[in-house]
Amino acid sequence: MSAIIESAMRRAQAPAAGPLTVRLLHDDAADRARWDAFVQACPQATFFHRAGWQRVIEAAFGHRTWFYLAEQDGEIQGVLPLAQIKSRLFGHALIALPFCVYGGVAALTDAARQELDMAAIDLAATLDVGHLEYRNVTAAHPDDAAWQGKELYVTFRKAIGAVDEENLNAIPRKQRAMVRKGIKCGLTGEVDDNVERFFTAYASSVHRLGTPVFSKKYFALLKEEFGDDCEVRVIVRDGELVAGVLSFFFRDEVLPYYGGGMPLARDVAGNDFMYWNLMQAASARGCRIFDFGRSKRGTGAFDFKKNWGFTAQPLPYEYRLVTATSIPDVNPLNPKYQLFIRLWRKLPLALANALGPHIVKDLG
């Protein structure tokens, strides 16, 4: 019997694949564990596809969420976490996923991706949102006119090795000098099991930038939900707080996500040392990718990351308009927000910390 006939017979005898179904994530530990196991293994998935984001977004901001999964023969084939932002100031949107820099569908097959797409499109229509937004790492619908994009955000990712000296030498000379300045100033890094010191540095920094602050509760929830995969690191000099960073770990990657420094940080290269200190710790932990995260073109953060020798990689976010007539433009570079930013900087820090969470929860 030929190999071709044998192969055909095996296919004929194999049980037919069951139907592909889409459902919502169940509110139980077993289903969340299955979801996270899929995310850990799926090449398209990111830290921001993890099931824990559902609890964090609902508990910290009060937004409604829909975490869809596509399943076939008892195996997850794809996931799509979604949350609704409904604001009189900033619009009405269904996003995968707000407060996250990456998102969209993570799937193993085209069929699963298409079914999850349809679930999101139907939900967006039912909710009557202005738009549906996917925060893709790679474009999901490059040839579909129903999905629009805009060039605003980029990400910065770079390989790191296991040897500190090689990682330091890979940093361009001028930036490397700033790292060495922090070392000479006697800065050291410490890992906290709470967000208190980090929040002090973060809140001080974003206030100087004129940006509303997230609540301390939000950061505490992140640490509680993601445990050791959410590290809180602070930089000190002789016990005095200089800077702080909250980072996510996923597979062999580290992503410093929220950070900030006290006024002292500028004089002692606190932020420069902070990211180097994190890179050292991440390398020792086995990380081989340092993900500097998302930045907008034309900002200081964009320039800072380029100075480290990282290359900007465009993020092809996609928007499907539902009731809106144009892609939203909710970002600090929009000229209409400049007066607000200038006024916010003048607020007392305590007042800004009290008001900020009520505003930023709707920015997504």
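The values are calculated or read from the model by the stated rules, or taken from the named source; none is laboratory data. Every value quoted in this text rests on a predicted model; they were computed, and no experiment measured them. When we count neighbours, we look across all protein chains shown, and the Cβ atoms used for this are built from the backbone with ideal geometry, even at glycine. Heavy atoms of the whole protein, side chains included, go into the accessibility calculation; ligands, DNA and RNA do not. Shrake-Rupley method; radii C 1.70, N 1.55, O 1.52, S 1.80 Å.
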Cross-link pairs beyond the 24 Å C-alpha cut-off, checked among LYS150/LYS174; LYS217/LYS296; LYS217/LYS361; LYS216/LYS361: LYS150/LYS174; LYS217/LYS296
Förster-model FRET efficiency, 25 Å R0, ALA33 and GLU58, C-beta, rounded to 0.05: 0.85
Residue-count net charge about ILE160 - beta-carbon cut-off 15 Å; Lys, Arg +1, Asp, Glu -1: +1
Candidates per trypsin sites (Lys or Arg not before Pro) in the range 24-117, loop by DSSP, up to 14 other Cβ within 10 Å: ARG64, ARG88
For the range 147-168 and the range 170-191, distance of Cα centres in Å: 19
Loop-located GluC sites (Glu not before Pro) in the range 52-81, at most 11 other Cβ atoms within 10 Å (DSSP): none
Cα gyration tensor shape of the range 228-302, rounded if a/c is under 1.5, else prolate or oblate by comparing a/b with b/c: oblate
Euclidean distance of C-alpha centroids, the range 226-285 and the range 47-123, integer Å: 29
Segment THR188-ALA146, extension gain: residue separation times 0.36 nm, minus the distance between their alpha carbons: 10.0 nm
Surface share of carbon and sulfur [accessible, 1.4 angstrom probe, percent] for the chain: 53
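Let me make sure I get this right: for the range 161-313, a, b and c are the square roots of the gyration tensor eigenvalues over alpha carbons, sorted descending. Under 1.5 in a/c it's rounded, otherwise prolate if a/b > b/c, else oblate. Which is it?
On the way: a/c = 1.29, a/b = 1.16, b/c = 1.11.
Verdict is rounded for the range 161-313.
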Paramagnetic reach from LYS174 (point 7 Å along Cα→Cβ, amide N under 16 Å) across the range 267-296: 272
HN-Hα J in Hz across the range 209-222 - Karplus 6.51, -1.76, 1.60, θ = phi - 60°, x for Gly and Pro: 7, x, 10, x, 8, 6, 6, 4, 4, 4, 5, 5, 5, 4
Ratio of the Cα radius of gyration of the chain to 2.2 N^0.38 Å, where N counts its residues: 1.08
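Skip the ligands, DNA and RNA, and give the accessible area per residue of the chain with a 1.4 Å probe, whole Å².
Per-residue value: 47 Å².
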Under the Debye formula (equal points on every Cα, no solvent term), log10 I(q)/I(0) of the range 153-194 at q = 0.22, 0.26, 0.27 Å⁻¹: -0.94, -1.00, -1.00
Global form of the range 17-162, assessed from the alpha-carbon gyration tensor, a/c cut-off 1.5: rounded
Among LEU222, LEU82, LEU343: highest mean-square fluctuation, GNM of the chain, C-alpha pairs under 10 Å: LEU343
Gain on full stretching of the segment that runs from ASP122 to THR109 - 0.36 nm per residue minus C-alpha separation: 2.7 nm
